[in-house]
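Below is one structure, written out as structure tokens; comments come after it.
The numbers here are math on the coordinates, done by the rules we state, and not lab data. Computed from a predicted structure; not experimentally measured. Ideal geometry is used to build each Cβ from the backbone, glycine not excepted, and the neighbour counts take in all protein chains shown.
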Amino acid sequence: MNMLTPILPNDGLYIQLQWESGQILLSISKEGIQRVEKANEDRVISIRGSAQAIMSLLQGSLKLQQQLRLNELSVTASFRHILLLESVFFLAKPYDLVH
């Protein structure tokens, strides 16, 4: 998380992930990432898609922009916030270690 700190907002930015059978609301800021129960609706970014598409995004298999082009995900956010999310997901993705 330390390498992400410079690009994260000071105040919480809320990300609502929604899939067929559920949803989760996360707060992301310089303090870290937390699951929350409610948020100021003006600051919520909504990402909708299948559970498989959401997992692909979180695991780093496919980039956010790729999934948007493939219509696997839909995002309600400003372009600036979409770019921020793309950066966060890319920088936080797990990398395979070569031994």
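When the stretch 1-35 is limited to residues that are farther than 21 Å from Ser87 by Cβ and out of contact with any strand residue (DSSP E or B) (no Cβ under 8 Å at 6 or more places or on another chain), the one that is surrounded by the fewest Cβ atoms within 10 Å (Cβ to Cβ) turns out to be Ser21. Mind checking whether some residue in the stretch 36-46 is surrounded by 13 or more Cβ atoms within 10 Å (Cβ to Cβ) and closer than 18 Å to Met3 by Cβ? Within the stretch 36-46, none of the residues are surrounded by 13 or more Cβ atoms within 10 Å (Cβ to Cβ) and closer than 18 Å to Met3 by Cβ. With respect to Ile28, determine if the residue is under 23 Å from Thr5 (Cβ atoms), of a type in the set (Val, Ile, Thr) and touching a residue at least 40 places away in the same chain (Cβ under 8 Å). When the stated conditions are applied, Ile28 passes them.
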